[in-house]
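These notes are about the structure you will find just below.
The values are calculated or read from the model by the stated rules, or taken from the named source; none is laboratory data. Computed from a prediction, not measured in an experiment: that's the story for all the values here. Don't worry about glycine lacking a Cβ; one is built from the backbone with ideal geometry, like all the others, and counts go over all protein chains shown. Note: accessible area is taken over every heavy atom of the protein model, side chains too, but ligands, DNA and RNA are not part of it. Shrake-Rupley method; radii C 1.70, N 1.55, O 1.52, S 1.80 Å.
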Amino acid sequence: MSSQNKQCLAALAMDLKRVALGYYHGSNKTAERFFDEALERRREIELSGVKPYVRKLLLKLDSIKKEKDVSRRAEDALMYSTLFQNAALSN
């Protein structure tokens, strides 16, 4: 994986952590703003340069916003954040 993709995945992970924290603390507007930034960050990642499971996760990222339960949104954002962080740190 290129260093550019790793950097973008790490930044995406941080944005999603902020989304989770925003939802956990009841700051839905802040969480939604960081989610929009996360979606922008996703566009910077070259999909052909990442492993298939990461590509699949990136494509399913929109599903977080479709969830009706806010606590579930927070949990999903945190889960995706951890998975992307692990992918960015792996060789």
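Figures for the structure shown
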{"item": "Residue, least open to solvent (accessible area, probe 1.4 Å), within the stretch 1-28, restricted to residues that are modelled with pLDDT of 95 or more and basic (Lys, Arg)", "result": "Lys17"}
{"item": "Neighbours by Cβ (under 6 Å, 6+ apart or cross-chain): first from the stretch 1-21, closer than 9 Å to Arg41 by Cβ; second in a loop (DSSP other than H, G, I, E, B)", "result": "Cys8/Glu44; Cys8/Ile45"}
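Yes or no, residue by residue, for (1) without any contact (Cβ under 8 Å) to a residue 40 or more places away in the chain; (2) open to solvent by less than 60 Å² (accessible area, probe 1.4 Å):
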| position | (1), (2) |
| --- | --- |
| Glu32 | yes, no |
| Ala38 | yes, yes |
| Leu47 | yes, no |
| Lys65 | yes, no |
| Arg73 | no, yes |
| Leu78 | no, no |
